[in-house]
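The values are calculated or read from the model by the stated rules, or taken from the named source; none is laboratory data. These numbers were taken from a predicted model, which means no experiment stands behind them. Note: ideal-geometry Cβ built from the backbone for every residue, glycine included; neighbour counts use all protein chains shown.
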Amino acid sequence: MKKLTNIVRCSVSFLFILFYASSCKKDAVFPDDGRESYTVGFKFKEFEQILTPLQTRAAQRASANTRATTASTENVREGLIYYWSFNAETLLPDLYPTTGSSITYNGGSPPMGFSSGWRYEDYAAGSALSMTGLTELIIKMPLNNVRDVQTLAFDISSSGTGPKSFALWWTQDGTDYRILAEDNQFSNTNTPQSRNAFSYDLSGLSLDLTKPLYIKLIPKAGSRGTAGDYRETTGVTKVDNFRLYGAAQVSSGSSIRRLHYHIFDVETKTCVMAGATDINDDGLTDFTVSLPEGEYVASFAANISDATLLIPGEVAADSYYLANVFANHQAKIYGVLDTFAVSKDMQLDVILKRYYSEIKFEFTDSRDLSRVEKLVVKRQREPVFYAPFNPMMANPIQDMTEIVVHRHFDEGGKEFVFHQFLGGREVALPISYLVEAYDGEGILLRSFTVDSAIPNNVQLVFRGKLLDAAHLNAGFQVRLNETWDGSQIVEFE
């Protein structure tokens, strides 16, 4: 059998081991083949040290004057502040204002079952949380950075012998619960696992926003219609699209700080462990895990941005990929890919590297650019994805998004910057962008296309006139900076 190590180009010569956290899809199950297991610890280099932005001070000043259409000038997000789609089959929320949330059931254990879910707005149906013999479900939501709490909502269903009603309680100390809604009867009791949507107004609660909010769901038999008798120990309850509405401050412009991990067996190419965990404000802490003796290939991907990564769950190595939607243009994505052998207890270091390059436009117009109110950047090639174990994979990404930036140019900052996800590739990838400049009334002032080819982890600068060259046969200069103290310049029309 061809080994994965033969097709993986290891760009970082550090061995590491991945950890199991409560956010994993499931426990790794290893065959009882007599192999001895060992404890392996890994230590992260201080994660915040590698989050230094690529852009120069000038670009940082320009970035301060730039806001995407999805962001507010006060960095406050209104609407969904917590949301669990469960589509990645983990207990981590898709949206959250701060870290520290948790989901437990039946005395404090993390529920690890998932089944088919329901669509919510732009989120696919995907998966839902599924629990057999549910006696209580507790969702903890820290309210740090939350400005206001308005509404709680979720979808719920059950099997024919599952609960058809529930009571809902709340607290902020984790012990002294108060009733929120006593009797919540399902509207559809006759069809097993039919969707029932519930919503609750929380604006009247006296909440201390320095303390977490706990929501407890206790199932009840309820009016059963033609459903079977309630069986507390075998009935199945399904919860999906759990969400909290309000207003929350978004720190550092990134609402998502998450580390994804996959670990594959070298011989079988199967995934033996996969999941994700939040990155705390203090970075990543040290971890240990027990694995049987053997060889493994592992992938880390850290996402600091406002949108989730496009990444499969627990899949075979040849189906594994990473991608980022183009509109998520300020995403800072880091990763590492390497092989390691487990044959004794050990502690190893992990260093993540950038999985993106910086694209910068420097406009050299001598005249005022105050007419320009909006820039739109459209990708002209296929969406970028990174499949480290299958270079011949057909493109699995359908991404038609574009970058829309509202700018207020000044004399000292006629530029803007975005990040292009590339993964761990070392070979230059052709790129092409269509740039459109609009005035305040939505009238197109100019459009032009730029092209180049870049590997990962470089700075690419397009330099030229935005408006002065609108009716001239003039092009941009392209500067590629790979070493931070050297550059390469080429001309193009």
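Would you check if Thr339 is in contact with an Asp or Glu (Cβ under 9 Å, 6 or more places away or on another chain) and under 22 Å from Ala276 (Cα atoms)?
On the way: in contact with an Asp or Glu (Cβ under 9 Å, 6 or more places away or on another chain): yes; under 22 Å from Ala276 (Cα atoms): yes.
Yes, satisfied.
What's the number of the only condition in (1) closer than 15 Å to Ala153 by Cβ; (2) out of contact with any Pro (no Cβ under 6 Å at 6 or more places or on another chain); (3) surrounded by 13 or more Cβ atoms within 10 Å (Cβ to Cβ) that Ser165 fails to meet?
All conditions are met except number (1).
For residues that are crowded, with 19+ Cβ neighbours inside 10 Å and modelled with pLDDT of 95 or more, scanning just the stretch 142-154, find the one that is nearest to Asn106 (Cα to Cα).
The extreme case among them is Phe154.
Report yes if Ile179 is more than 20 Å from Asp240 (Cβ to Cβ), modelled with pLDDT of 95 or more and not charged (D, E, K, R), otherwise no. If you could, list the steps in order and put the result at the bottom.
On the way: more than 20 Å from Asp240 (Cβ to Cβ): yes; modelled with pLDDT of 95 or more: yes; not charged (D, E, K, R): yes.
Criteria met by Ile179.
If you take the residues of the stretch 411-442 that are exposed (fewer than 15 other Cβ atoms within 10 Å of the Cβ) and of a type outside the set (D, E, K, R), which of them is nearest to Ala387 (Cα to Cα)? First the steps, then the outcome.
Initially, the stretch 411-442 is screened for residues exposed (fewer than 15 other Cβ atoms within 10 Å of the Cβ), giving 411-412, 426-428, 430, 432, 434, 439-442.
When the remaining residues are screened for being of a type outside the set (D, E, K, R), the result is 412, 427-428, 430, 432, 434, 440, 442.
Working: Gly412: 41, Val427: 14, Ala428: 15, Pro430: 17, Ser432: 21, Leu434: 26, Gly440: 41, Gly442: 39 Å.
For the stretch 411-442, the residue satisfying everything is Val427.
Scan the stretch 64-90 for residues that are at pLDDT 85 or above and not aromatic (Phe, Trp, Tyr) and jot them down. Spell out the reasoning first.
Residues of the stretch 64-90 at pLDDT 85 or above: 78-86.
Listed by number, the residues that qualify are Glu78, Gly79, Leu80, Ile81, Ser85.
Select, from Thr234, Thr210, Thr161, the only residue that is more than 21 Å from Ser127 (Cβ to Cβ) and within 28 Å of the chain's Cα centre (by Cα).
On the way: Thr234 fails: within 28 Å of the chain's Cα centre (by Cα); Thr161 fails: within 28 Å of the chain's Cα centre (by Cα).
Only one candidate qualifies: Thr210.
Is it true that Leu445 is out of contact with any helix residue (DSSP H, G or I) (no Cβ under 8 Å at 6 or more places or on another chain), modelled with pLDDT of 90 or more and either crowded, with 20+ Cβ neighbours inside 10 Å or not in a loop (DSSP other than H, G, I, E, B) (or both)? First the steps, then the outcome.
Details: out of contact with any helix residue (DSSP H, G or I) (no Cβ under 8 Å at 6 or more places or on another chain): yes; modelled with pLDDT of 90 or more: yes; either crowded, with 20+ Cβ neighbours inside 10 Å or not in a loop (DSSP other than H, G, I, E, B) (or both): yes.
In short, yes.
Results for (1) closer than 21 Å to Glu78 by Cβ; (2) in contact with a Pro (Cβ under 7 Å, 6 or more places away or on another chain), shown as yes or no for each residue.
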position: Ala124; (1), (2): no, no
position: Asn145; (1), (2): yes, yes
position: Thr151; (1), (2): yes, no
position: Asp201; (1), (2): yes, no
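Scan the stretch 141-157 and report the pairs whose first residue is in the same structural domain as Lys216 (by TED's automatic domain parsing) and whose second residue is in a strand (DSSP E or B) and of a type in the set (Lys, Arg), with Cβ atoms within less than 8 Å and a gap of 6+ or a chain change.
Short answer, once both residue conditions are applied: Leu152/Arg243; Ala153/Arg243; Phe154/Arg243; Ile156/Lys238; Ser157/Lys238.
Could you check Phe114 against (1) surrounded by fewer than 20 Cβ atoms within 10 Å (Cβ to Cβ); (2) at pLDDT below 95; (3) among the aromatic types (Phe, Trp, Tyr) and say which number it fails?
(1)
Among what's in the stretch 374-395 and is outside any loop (DSSP other than H, G, I, E, B) and aromatic (Phe, Trp, Tyr), pick the residue that is farthest from Ala323 (Cα to Cα).
Among residues in the stretch 374-395 that are outside any loop (DSSP other than H, G, I, E, B) and aromatic (Phe, Trp, Tyr), the one farthest from Ala323 (Cα to Cα) is Tyr386.
Given (1) farther than 30 Å from Val376 by Cα; (2) touching a Gly at 6+ places or on another chain (Cβ under 9 Å); (3) at pLDDT 85 or above, identify the lone condition not met by Tyr321.
(1)
Just give me the residues in the stretch 222-255 being surrounded by fewer than 22 Cβ atoms within 10 Å (Cβ to Cβ), among the aliphatic types (A, V, I, L, M) and at pLDDT below 95, in sequence order.
The answer is Ala247, Val250.
Residues to consider are Val325, Val336; find the one that is in the same structural domain as Val40 (by TED's automatic domain parsing), part of a loop (DSSP other than H, G, I, E, B), out of contact with any Lys or Arg (no Cβ under 6 Å at 6 or more places or on another chain) and touching a residue at least 60 places away in the same chain (Cβ under 8 Å).
Being in the same structural domain as Val40 (by TED's automatic domain parsing), part of a loop (DSSP other than H, G, I, E, B), out of contact with any Lys or Arg (no Cβ under 6 Å at 6 or more places or on another chain) and touching a residue at least 60 places away in the same chain (Cβ under 8 Å) holds for just one of Val325, Val336, which is Val325.
Select from the stretch 289-299 the residues that are at pLDDT 85 or above and surrounded by fewer than 20 Cβ atoms within 10 Å (Cβ to Cβ) and write down the one among them that is nearest to the chain's Cα centre (by Cα). Explain how you work it out, then say what you get.
Quick first cut of the stretch 289-299, residues at pLDDT 85 or above only: 292-297, 299.
Subset that is surrounded by fewer than 20 Cβ atoms within 10 Å (Cβ to Cβ): 292-295.
Details: Pro292: 30, Glu293: 32, Gly294: 31, Glu295: 28 Å.
Looking at residues that are at pLDDT 85 or above and surrounded by fewer than 20 Cβ atoms within 10 Å (Cβ to Cβ), I get Glu295.
Before we move on, is Phe418 over 18 Å from Glu362 (Cα atoms) and at pLDDT 90 or above? Walk me through it before giving the result.
Values: over 18 Å from Glu362 (Cα atoms): no; at pLDDT 90 or above: yes.
So Phe418 does not fit the description; no.
For the condition under 14 Å from Lys238 (Cα atoms) and either within 20 Å of the chain's Cα centre (by Cα) or free of Cβ contacts under 8 Å to residues at least 60 places away in the same chain (or both), what is the one hit in Gly107, Gly100, Gly113, Gly133?
That would be Gly113, the only listed residue that is under 14 Å from Lys238 (Cα atoms) and either within 20 Å of the chain's Cα centre (by Cα) or free of Cβ contacts under 8 Å to residues at least 60 places away in the same chain (or both).
Going by the structure shown, is Thr98 of a type outside the set (D, E, K, R), outside any strand (DSSP E or B), in contact with a Cys (Cβ under 9 Å, 6 or more places away or on another chain) and closer than 23 Å to Gly79 by Cβ?
Values: of a type outside the set (D, E, K, R): yes; outside any strand (DSSP E or B): yes; in contact with a Cys (Cβ under 9 Å, 6 or more places away or on another chain): no; closer than 23 Å to Gly79 by Cβ: yes.
No: the conditions fail for Thr98.
Which strands (runs of 3 or more DSSP E) does the stretch 122-210 wholly contain that include 2 or more residues that are over 22 Å from Pro97 (Cα atoms)?
On the way: elements: 127-132, 137-141, 146-158, 165-171, 178-181, 196-201.
Once the strands (runs of 3 or more DSSP E) in the stretch 122-210 are filtered for at least 2 residues that are over 22 Å from Pro97 (Cα atoms), what remains is 127-132, 146-158, 165-171, 178-181, 196-201.
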